[in-house]
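Okay, so here's the structure we're looking at.
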Amino acid sequence: MSPHHPSRRSASRSALIVLDMQVGLMHGPVPPHAGAGVLVRIQDMADRARQARGMVVLVQHDGPEGSPAAPGSANWQLVEQLAPQAGDLVVRKTRPSVFAGTELAALLRGHGIDRVVLAGMKTEYCVDASCRAARDLGFEAVLAGDAHTTVDTPALAAGAIIQHHNLTLGGPFAQVMAAAAVGF
């Protein structure tokens, strides 16, 4: 199949991976830091990725039965603003890294994708683990530094966690850039 064949899924070599933007995390008892702005920036990147015929991967974390992320529960659902569109890939995971125990890496490679853009929740868990794994698996990794979020912890405020991870992940694990600057 030629690289410009019309049936090829992806014209872009990039995929946007949106981690765990689920109702229970976005609209739970503790709202995420700057959550509304993060959601708008992710929506914008998803729109731009689709226009460029890049892949949009929407990830749902499957928690244990009875947990806020129990599969099928209202809190487990993706937020309404990020409902899957035609051509999007929905991936379910049970580990912090979206690559652990899933076929995502093989699916991306099968579509000629070698660059992943990461965004979503939570910064210090799934965003961090997926960023590090992407680079380890040979993907070019981009972290949208203003399009991932978390909540305050007893040790650190959410804004400090986000800033720390942007600094820590930037360079060895990912290129960190503003969502608006990310190209597909």
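Which listed residue (Ala178, His164, Thr149) has the Cα farthest towards the positive end of the charge dipole for region 91-182, taking +1 on Lys and Arg C-beta and -1 on Asp and Glu C-beta about the Cα centre?
It is Thr149.
Skipping prolines and chain starts, which residues have an amide H placed within reach, meaning under 5 Å, of the one on Thr150, given they are 5 or more residues away or on another chain?
His33, Thr123
Take every Cα pair under 8 Å in region 14-181 that's 6+ residues apart, average their separations, divide by the length, and report that relative contact order as a whole percent.
Values: 330 pairs, mean separation 44.5, N = 168.
Relative contact order comes out at 26 percent.
How much of the DSSP beta bridge set in region 1-107 is antiparallel, as a percent to the nearest 5?
On the way: 1 of 11 bridges.
If we restrict to bridges inside region 1-107, about 10 percent are antiparallel.
In deg cm²/dmol, rounded to 500, what helix-only [θ] at 222 nm does the chain give when every DSSP H run of at least 4 residues adds -39500 (n - 2.57) and the total is split over its residues?
-8000 deg cm²/dmol
Taking H as built 1.01 Å from N, whose amide H comes closer than 5 Å to the amide H of Glu140, not counting residues under 5 places away?
Excluding prolines and chain starts, which carry no amide H, the hits are Arg115, Val116.
Quick check on the exposure proxy: order Val40, Val117, Val176 from fewest to most C-beta atoms within 10 angstrom.
On the way: Val40 13, Val117 28, Val176 19.
Ascending number of Cβ neighbours within 10 Å: Val40, Val176, Val117.
Which ordering of Glu124, Glu140 is given by a fewest-first count of other beta-carbon atoms within 10 Å? Could the numbers behind the result be given before it?
Working: Glu124 19, Glu140 15.
Lowest to highest Cβ neighbour count: Glu140, Glu124.
With +1 on each Lys and Arg Cβ and -1 on each Asp and Glu Cβ, and nothing else charged, work out how big the dipole of region 1-131 is about its Cα centre, in Debye to the nearest 20. Walk me through the numbers before you get to the answer.
Working: 13 positive and 11 negative charges, 110 e Å.
That gives region 1-131 a dipole magnitude of about 520 debye.
Select one label from [x] 84, 38, 35; [y] 88, 36, 32; [z] 53, 37, 28: the one whose number is Cα extents along the principal axes in Å as derived from the coordinates shown.
Recomputing Cα extents along the principal axes in Å here picks out [z].
Roughly what % antiparallel, to the nearest 5, for the DSSP beta bridges in region 14-181?
The antiparallel fraction comes to roughly 5 percent.
FYI, it's all coordinate maths here, none of it is from the lab. Small disclaimer: the values here were computed from a predicted structure and weren't measured. As a convention, Cβ positions derive from the backbone with ideal geometry for all residues, glycine included, and neighbour counts pool all protein chains shown.
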